[in-house]
Amino acid sequence: MSNASWLLYGATGYTGELIAREAAARAPRPILAGRNAPAIERLARELGCEARAFALDDPDAIARHLDGVALVLNCAGPFSATARPMMQACLAQRAHYLDITGEIEVFELGHSLDAAARSANVVVCPGVGFDVVPSDCLAARLKLALPDATHLALGFDSRTAPSRGTAKTMVEGLGMGSRVRADGRIVAIPLASRVREIDFGEGQKLAIAIPWGDVSTAYYTTGIANIEVYIPASPGTVRRMQRLNRWRWLAGSAPIQWWLKRRIARSPAGPDAQQRERTPMSLWGEVRNAAGRTVVGRMRVANGYTVTVHASLGLVDRVLRDQPPGGYRTPSQIVGADFAAQLPGSTPVALRQN
């Protein structure tokens, strides 16, 4: 890894701490940062890292704390609240910006800053964790296999309980329904309105379209104008989500959001090490061209949080070492289509053409 200084913001969150502990065993160690000064300083002392405590509500203060920093890895969600101020500070300080978001709006925000990032020679690359590194690499691999593809569907099968931060992000999206990309545009669709059977590697499963980050990123990676992302769902879950459509406005209201997030705050921080070890992930993807030809790809990766640790640090290493040209980038545009298959616990992509 380069000797340039880099900062990990949100280091005491569930995923941020997993990354911090792995990063502290590598060189150079990160500067650990976040809002909670006692927690940040305690973790930094334990890991032998520098600590910086600051919130993201004062642009001048953020800029001061990024002095001498070549790259920021933002792990503080929800990223709907943290990405914009940190991106703007990174552009002002000419520090590369990475994060582990899966939020479509944050990816689109990053893309909207492409010209400013090019001018500042700063890489802006949201989504360097499980959201969306493996699926972005799979999309890139499928595009190579069928260059004239017009439609892309991606999916993943996970039995992992989400962390508190991920759960809160999911709650924020309840009022917006699902989303897909159609003819190049991101459009909203009702919950569980697109249902299909998918073999993720262990036989056919019912699956529903969800508003996953690849709806944004895979378009910039592949140029494919029609994109959907699926996860398995039981028939009962499909029916419940379809009924929820009529009450979506209520799910997105401030009192319901507050109540749901308060319940999440009382839940476990995230899966423990044994749970992560027992729950690898299966990924599936399919591309189709105008003539009806299809290519299907499958791969397995480690648990999503384990993937996030290794993928994010791999992207940090690559950006610091190679110094790619500034601008908005998706993960595979920096590390290539085969990067996810090289992560610990991953298998190569298996392709089948029809």
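Data for the structure
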item: In region 100-151, residue modelled with the lowest pLDDT [restricted to those that are under 18 Å from D338 (Cα atoms) and part of a strand (DSSP E or B)]; result: V132
item: Segments classed as helices (runs of 4 or more DSSP H), wholly inside region 1-96, with at least 1 members that are within 18 Å of V128 (Cα to Cα); result: 14-23, 79-93
item: Conditions (1) among the polar types (S, T, N, Q); (2) open to solvent by less than 10 Å² (accessible area, probe 1.4 Å); (3) more than 16 Å from V72 (Cβ to Cβ): number failed by S119; result: (2)
item: Subset of region 211-242 [among the polar types (S, T, N, Q), over 16 Å from L138 (Cβ atoms) and assigned to a helix (DSSP H, G or I)]; result: T237, Q242
item: Subset of region 77-94 [in contact with a Gly (Cβ under 9 Å, 6 or more places away or on another chain) and small (G, A, S)]; result: G77, A83
item: Verdict on Y328 being under 18 Å from Y220 (Cα atoms) and among the aromatic types (F, W, Y); result: yes
item: Filtered residues of region 11-48 (kept if buried (at least 21 other Cβ atoms within 10 Å of the Cβ) and over 14 Å from L73 (Cα atoms)); result: I40, L43, A44
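Yes/no matrix, rows are residues, columns are (1) open to solvent by less than 30 Å² (accessible area, probe 1.4 Å); (2) free of Cβ contacts under 8 Å to residues at least 60 places away in the same chain:
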residue: F54; (1), (2): yes, yes
residue: D58; (1), (2): no, yes
residue: S80; (1), (2): no, no
residue: M86; (1), (2): yes, no
residue: A89; (1), (2): yes, yes
residue: H96; (1), (2): yes, no
residue: D99; (1), (2): yes, yes
residue: E103; (1), (2): yes, no
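The values are calculated or read from the model by the stated rules, or taken from the named source; none is laboratory data. These numbers were taken from a predicted model, which means no experiment stands behind them. With ideal geometry, Cβ positions are generated from the backbone for all residues, glycine too; neighbour counts draw on all protein chains shown. Surface accessibility is based on the protein's heavy atoms, side chains included, excluding ligands, DNA and RNA. Shrake-Rupley method; radii C 1.70, N 1.55, O 1.52, S 1.80 Å.
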